[in-house]
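Scroll down for the structure; my scribbles are underneath it.
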Amino acid sequence: MNIPVAKPYMTRDEAQAAYDTILTGWITQGPRVAEFEANFASYTGAKYAVAVSNCTTALHLSMIVAGIGAGDEVICPSMSYIATANSIKYVGAIPVFAEVHPEDFNLDVRDVEKRITPKTRGILLVHQVGNPADIDAFTNLARKYNLALIEDAACAAGSAYKGSKIGSHSDLVCFSFHPRKVISTGDGGMVTTNNEAYYNRLKLLRQHGMSVNDRVRHESKTVIFEDHVELGYNYRMTDIQAAVGIKQLAKLDWIIEERRKIGQQYNEAFRNITGIVLPFEQEGCFSNYQSYCITLKEDAKLDRNTLMQKMLDENIATRRGVMTTHRESAYKNHPYSNLEVSEHASDNTIVLPLYVPMSQAEVDRVINVFKELMA
Ligand SMILES: *Cc1c(COP(=O)(O)O)cnc(C)c1O
C-alpha cells in the first residue's frame, strides 16, 4: 500500500465540465468564469469575487489595489509558502517578517505591532494550513495604524471565522486552487472583496488594463473599441478551469466534512502520545483541514526527519510543515530579526497524509505506523 500525502478530489463530473466547455468555443475569461465568480462570492458571503490565474497573481494584484508600492513595508510571516513574501516584492515593497504562535502557526499580533515603523503600509495575514488567524485582532491593528489588511487565504477556502466564511471579512482576500489545496482548478486563484472600486480595478488589472472586456464586445450590437487605461497583466483564468471550479465548489463543504472526519480519527488515535502537539482550532475558528500538521516536542520519540524517513520506509509519504521564507536562498540577503519561534515550528512539524477519498484501510495504516514509531 502506497499512501501519498495529498491528492486532489477529481471525478468524471469535473472532466465532463472541462470537455463541454472546450466544445462551446469560449475557453477563456467567459461565461464559466463569470459563473464561478458569482458562485464563489455567494459561497463566501463576499460582495464580489474576481477569478485570476493563481493565488500568487491574486496577491500581486491585491498589493497594487491596496496602494502598496516601492519602499513600503508590509508585515507578513516568514513561516509561509514563499509566494506570500514574493507578492510583496513584486511591487517593490519590503516584506518585514513577524513571528507566529507556536500552537497554530498564525501571525502573533503583538509581535506584528512591535515591527510597525513609519514605512509600514500593510499587513499580509496568512491563514496557516487553512486554520483561520484572528482576523478581528488584525483588523483593529490595521485601523489603529491606518494600514491595508490583505488576507492570504490560499489554503483557507471553506474555513470560517466567528461563524462567517473566510472571504467575507475584509476587502482583499486571496484564494488558491492549486492541486495541493482543498479544491482545485489545476492552477487558479480568486480575490474576494466587499469594495466596489477594488472590484473594478482588479477586473481591469487582470486583463491588460483593458477598458472593455471581450464578453461585452462580443455581445454588443454596435462596434466598440477598447482602451488600455493603465499597466495591466495577463492574469486571466480560463473557462476550462472555471468549469472545473464550479463543480469543485459545489462539493467543497462535503470535502471539508470528510477531511475533518479523518482529522478527528487522527486526533483520537494520537491523543495520548507524549511529545507531540495535535492541530487545534482557536475559539471561533473552523479549519478546512487543508493539512494535518503535528508538532514534535523535545521529548518526542523520534526527531522530525527520522520520523519522515521511517514512515517513507513504510510507503507513507509525509511532508515537513510550513517552510520559512527567510532561510531560502532567494532571501539570503534579506534582512530579518528574531524568528526563533518560526524556525523552531518549521523544523519540528510534520504533515500526515490527508485526502478525499481516503479508505479506512489507509487511515488505519497511517495511524498504526505512526503509533508504532511514536508511542
Ligand atoms: C499555495 C500558497 C500560495 C500560492 O498559491 P498559488 O495558487 O500556487 O499561486 C500562496 N500562499 C500560501 C500561504 C499558499 O499556501
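Adding -39500 (n - 2.57) for every DSSP H run of four residues or longer, then dividing by how many residues the chain holds, sets the calculated 222 nm ellipticity at -12000 deg cm²/dmol.
Applied to the stretch 208-214, the Karplus parametrisation 6.51 cos²θ - 1.76 cosθ + 1.60 on θ = phi - 60° returns per-residue 3J(HN,Hα) values of 6, x, 7, 6, 10, 7, 4 Hz, with x for Gly and Pro.
For Lys119, the lysines whose Cα comes closer than 21 Å to its Cα, not counting residues fewer than 8 places off in the same chain, are Lys89, Lys144.
Round to the nearest 0.05 the FRET efficiency obtained for Ile273 and Asn146 when R0 = 45 Å and r is the Cβ-Cβ distance. Write down the numbers at each step before the final one.
Values: r = 47 Å, r/R0 = 1.03.
My answer for the efficiency is 0.45.
Going down the list Lys297/Lys332; Lys7/Lys181; Lys114/Lys297; Lys162/Lys297, which pairs span over 21 Å between their C-alpha atoms? All intermediate terms of the calculation are to be shown ahead of the outcome.
Values: Lys297/Lys332 28 Å; Lys7/Lys181 9 Å; Lys114/Lys297 28 Å; Lys162/Lys297 30 Å.
Beyond 21 Å: Lys297/Lys332; Lys114/Lys297; Lys162/Lys297.
GNM on the chain, alpha-carbon springs under 10 angstrom: the most fluctuating residue among Arg319, Arg121, Arg217 is Arg217. Taken as Cα centroids, the stretch 150-176 and the stretch 20-73 sit 14 Å apart, rounded to the nearest whole angstrom.
Gain in length, Gln16 to Asp214, computed as 0.36 nm per residue apart minus the alpha-carbon separation, to one decimal in nm?
Values: separation 198, 0.36 × 198 = 71.28 nm, distance 2.52 nm.
That pair, Gln16 and Asp214, stretches by 68.8 nm at full extension.
Antiparallel DSSP bridges in the chain: what percent, to the nearest 5? Antiparallel bridges make up about 60 percent of those DSSP assigns within the chain. Residue order for Leu125, Leu202, fewest other beta carbons within 10 angstrom first, comes to Leu202, Leu125.
Laboratory data are not the source of any read-out in this text; all were calculated from the coordinates shown. In this text, all values refer to a predicted model and were calculated from it rather than measured experimentally. FYI the Cβ positions are ideal-geometry reconstructions off the backbone, even for glycines, and counts take in every protein chain you see.
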